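Student: Here it is, the structure, as structure tokens.
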Amino acid sequence: RPPLADPGGRTMTPAIAQGATVAQVALPAAVVRPPRIAAPRRVHRRADRRPVPLGRRPTVVAAAAASADSAANLRSLPQTCAEQVAQAAEMIRAASSPQNGGHMRQRIQLLLPVNQRRNEFTSVESDDYPANDADVYKAAMETASAMIRAVDPDGGDMSATRVDNDNDPVGVLANAAGTVRALVIPNAQNLQTLRDLAALGDANGTQITLLVNPQWNERGQIVSDFGVGPWRKRATDFLSTFEPTYSLAEYRVGAAATRDPARGGDYMGVGGVARVLKTHGGGWQTFAMGADGSSECVVSGDAEPSYAYLEKEVFTRFEYSLAGRRVGAGPSLEARLESAASEAVGKGAIDWSIASTAEITAAVRAEAIVAADVDALSKTGLRTALGALGLPTSGKLEAMRERLREALLGEDKDQWD
């Protein structure tokens, strides 16, 4: 198996589009032009990035002809990993309810907070050094753990087990109550583990079994990862019992980049970045991302958009390219994150294990970190918070924790305002 790729954000070019796992579908017969989503704008820019003028607003891709029910099912694009987790958990609970089919086996595709999304979830500037397998595994397990806790807040402590037999990390997660179990970033060799988890759920009748970010290819042009003939059919028949409940993926379409040093300009203006969202009971929504982190839903339909469709039908429009989407409308990202952090003070609503650098920094500025939060921050989170206060970020874990506690909660905390 090739080196583990970023399970959520996929970098695709026309040369590899034919081998992509996204289904090649025709242009949907009906699309929806939903209301513009409030788009955050970055305030802190890299030193080598000049401020850019307000970009054009996208226009309608096609005439709106979908039903009112389809429009009502449109969802907003998550702006943080925590929002993605909450949205996915909502879909999992809804799909497992008896009135919605009682789907106890579900398939989930998460956009992981790795690479540029580790610092800011809405960032689209490609990282020069992608995350390695260990980083992807850690992000996948932390994000899936947060999702399971959101599905069943009373499920108790989480247990995590690594089940791979080679260098490709694969994990199993379960809460103490046994109400939710998940197989995370598996490959084809882990299919038996998934069968065992599903059988356990069938036996107790109350367990939700989740398949999270599978790494296999089910649509190989000649041979899939499950072989051919009866072997492939047996595998695909089993996988078809998992209801696709939630999916958020990112595609770099064409020569998507925010800078073109060869031409001396800030933006290339060729291609763009799309995030495609699918929720249970809703359609496929395609969001055009801006270089400033803004986003807008530009097309929605019942069919999953193919790379060819995104390239030839959507991102041919200047309005949807990174060049056209420079600055969004609405409150800045920092203001929105500060407001969210202030509202969560004392409620334990922030899951620090999946908080980005931007979220931690905003919480420090909003004075929204309490004693329990200091204790919950990881070493990376502590360094981010200390850096936001201008304090030293080196030292042992407990020394950094005490340094942050004194700065935010001690008698002399006012000197750090």
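The values are calculated or read from the model by the stated rules, or taken from the named source; none is laboratory data. All values derive from a computational prediction rather than experimental measurement. Cβ sites come from the backbone with ideal geometry, for glycine too, and all protein chains shown count toward neighbours. What goes into the accessible areas is simple: the full protein's heavy atoms, side chains included, and nothing from ligands, DNA or RNA. Shrake-Rupley method; radii C 1.70, N 1.55, O 1.52, S 1.80 Å.
Student: Any chance you could count how many residues in region 225-279 are modelled with pLDDT under 80, among the charged types (D, E, K, R) and part of a strand (DSSP E or B)?
Tutor: Adding up the residues that qualify gives 1.
Student: Given the options Arg118, Arg107, name the one that is of a type in the set (Lys, Arg), assigned to a helix (DSSP H, G or I) and within 17 Å of the chain's Cα centre (by Cα).
Tutor: The conditions single out Arg118.
Student: With the condition being open to solvent by 10 Å² or more (accessible area, probe 1.4 Å), modelled with pLDDT under 75 and not hydroxyl-bearing (Ser, Thr, Tyr), I'd like the helices (runs of 4 or more DSSP H) fully within region 298-383 carrying at least 2 qualifying residues. Talk me through it step by step, then tell me what you get.
Tutor: Working: elements: 333-343, 357-365, 371-376.
Per the criteria, 333-343.
Student: Out of (1) crowded, with 22+ Cβ neighbours inside 10 Å; (2) modelled with pLDDT of 90 or more; (3) assigned to a loop (DSSP other than H, G, I, E, B), what's the single condition that is false for Val124?
Tutor: Going through (1) crowded, with 22+ Cβ neighbours inside 10 Å; (2) modelled with pLDDT of 90 or more; (3) assigned to a loop (DSSP other than H, G, I, E, B) one by one, Val124 breaks only (2).
Student: Quickly run through region 133-168 and pick out the residues that are assigned to a loop (DSSP other than H, G, I, E, B) and closer than 25 Å to Pro78 by Cβ.
Tutor: Asp152, Pro153, Asp154, Gly155
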